[in-house]
Amino acid sequence: MDCSFKSPFSVSTLSCSCPLGFEGSNCEINTDECEDNDCENGATCKDGVNNYTCLCAPYYTGEMCEEMEDICAPGRSPCKQQSTCLITAMGPKCVCAPGYVGDDCSINYNDCQEHKCQNNGECVDEINGYSCTCTRGYSGQLCEVLPSPRSPCDLAECQNEAPCVERAGRALCQCLPGFGGPRCEKLVSVNFVDRDSYLLLSDMKNWPQANITLQVSTAEDNGILLYNGDNDHIAVELYQGHVKVSYDPGSQPGHAIYSTETINDGQFHTVELVTFDQMVNLSIDGGIPTTMDSFGKLRPLNGEAPLYVGGMPVDVHSSALRLWQIQNGSSFHGCIQNLYINNELQDFTKTQMKPGVVPGCEPCRKIYCLHGICQPDAALGPVCHCQPGWGGPHCDQPAANPCQGSKCVHGKCIPLDMQSYRCECQEGYRGALCNQQGELYNPCKWLQCKHGRCQISDTGDAYCHCESGYTGELCDAESECHGEPVRDFYQVQRGYAICQTTRMVSWVECSGACDTGACCASQRMKRRKYTFECSDGTSFSEEVEKTIKCGCVGCM
């Protein structure tokens, strides 16, 4: 600011020359440049010193806010889901693609709010539309098409991937190998490919009379087929190629019968076991049956005990070998199919299947053994088991020695002659084929029952089951003479016929011990007349003398 004195009338005055942007007598006022500004598009003017600044409204730029920003440029557009962005004076505007709503078009419109699905069809929202999921039998875009009459195969519901065919207007399920039943719902054939495998049928019934049929294919000499019971048992086993049936009622001596036929030729053979009253009949391939008379109360199938197929657990196995007439006790190796109990086809899927049991009997249909029999193997698949003196994958080559193709599992084959051998087991293995690991634990080994036999309880503990007349933990003490009440049908044998009373009879059976020189026997008896009916259809009446009191009497 430049100030100078002027005195035109002899009176001195002071005047100021202001710089740009200020005014006033003393240049104290900042000139408002915004009074005449060029800001555009609603911009706000901000005064400065001899200048001004335009503060732009949203979406505008430039010195005077004269340019609109490209708010729809990639990376800046707020519009979603491939919608169209428009530049307006109010900012970006999104034109949504079909099916979307919202300011930024990010919301998928629920088209099911106004759906027209029919017949309880479920609406499924889609982009710019919807679809209908129809209930069973209905079809069409809106489930408007009513169900057409169902074919017999639509109602058949074949299981286990079995195809259905129609025959004379009826549905027929064509079961795949290994399955059976009207809908192929049952697994009816299994291969036992490991030595320690078995099946367990636990849902059993008590059947005093039973008809058991099964088909067996094996190349082995020995093995358990069926086993049921505890203190009394019935067992069907393969023994030296024959079928053996043994029955032990527990309180009486056991009985056994053998088939005259051998069944270990690799072909399927039908084994039928029929029990009636005290009789057991064994038949192979529908041939003449072999008969066993138990002469006691027969319980061929005990529902309280499981039915084992193809083998048994280690603890049951050891008891059966020790106490009863089981010859070998080894697990079955081969195929079992079509097990019927009282005309009911059993479903192996309803059993407890131990490892080493595989469904079906098909593996050996694709391999031919010239001098041997094919058997499935868990690790190798179908394998030819050659006859002595033959070898090769198909048993078509003369064997150099009997150990070629031997069955020693964990051991060394030692030739005995040109056609036989023995297995020398590795440490920790035992058995004829060295296929059993270690020594089986036998809790009865250390329990010496003097007048009885050792048995194993459900908890695995050993105890002595004493003979009649003895008691004590070791059955070493004689029990006092006493009578055990009995009520049963009284039986006699006339020729080949078994005859029994038409009603139950009560009597007393004497057991126990007396002092030296005396025996526990009948002390008082009673005679009564009863009517008998015989198995040959005849009947008669006869007096029966029965004991009603026991005591110590002179020995006969």
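The values are calculated or read from the model by the stated rules, or taken from the named source; none is laboratory data. What you are looking at is a predicted structure, and each value in this text was computed from that prediction instead of being measured. Cβ placement follows ideal geometry from the backbone for every residue including glycine, while neighbour counts extend to all protein chains displayed. Accessible surface areas use protein heavy atoms only, side chains included; no ligands, DNA or RNA. Shrake-Rupley method; radii C 1.70, N 1.55, O 1.52, S 1.80 Å.
At-a-glance table
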item: Whichever aspartates and glutamates have a C-alpha closer than 13 Å to that of Lys80, once near sequence neighbours (fewer than 8 apart) are set aside; result: Asp103, Asp104
item: Cα centroid separation, region 232-246 to region 157-183 (Å); result: 35 Å
item: Cα extents of region 1-151 along the three principal axes, largest first (Å); result: 132, 23, 16
item: Candidate aspartates and glutamates - alpha carbon under 18 Å from Lys244, same-chain residues fewer than 8 apart omitted; result: Glu220, Asp221, Asp232, Glu261, Asp265, Glu272, Asp285, Asp293
item: Accessible area in the full protein assembly, largest first, 1.4 Å probe, for Ser259, Ser468; result: Ser468, Ser259
item: Extension gain, Glu114 back to Arg494 (0.36 nm per residue minus Cα-Cα distance, nm); result: 127.7 nm
item: Ratio of the Cα radius of gyration of region 121-221 to 2.2 N^0.38 Å, where N counts its residues; result: 1.82
item: Modelled FRET efficiency - R0 25 Å, Thr291 with Ser202, Cβ distances, 0.05 increments; result: 0.25
item: Theoretical gain in end-to-end length, Phe22 to Met68 [0.36 nm per residue, Cα-Cα removed]; result: 13.1 nm
item: Region 493-556: Rg to Rh, with Rh as the Kirkwood radius over Cα pairs; result: 1.13
item: Mean Cβ neighbour count within 10 Å, used as a protection proxy, ranking 534-540, 508-514 highest first; result: 508-514, 534-540
item: Along principal axes, Cα extents of region 136-192, largest first, whole Å; result: 54, 26, 11
item: FRET E, pair Asn128, Lys93, Förster distance 22 Å, beta-carbon r, rounded to 0.05; result: 0.60
item: Region 46-200: relative contact order as a whole-number percent, Cα under 8 Å and 6+ apart; result: 9 percent
item: Whether region 453-515 is rounded, prolate or oblate, judged on the alpha carbon gyration tensor where a/c under 1.5 counts as rounded; result: prolate
item: Inter-probe distance in nm under a simple model that places probes 7 Å from Cα toward Cβ, at Glu484 and Arg422; result: 4.4 nm
item: Mean Cβ neighbour count within 10 Å, used as a protection proxy, ranking 211-221, 520-530, 116-126 highest first; result: 211-221, 116-126, 520-530
item: Cα-derived Rg over Rh, computed across region 79-180 with Rh taken as Kirkwood radius; result: 1.36
item: List Lys412, Lys244, ordered by accessible area with a 1.4 Å probe, largest first; result: Lys412, Lys244
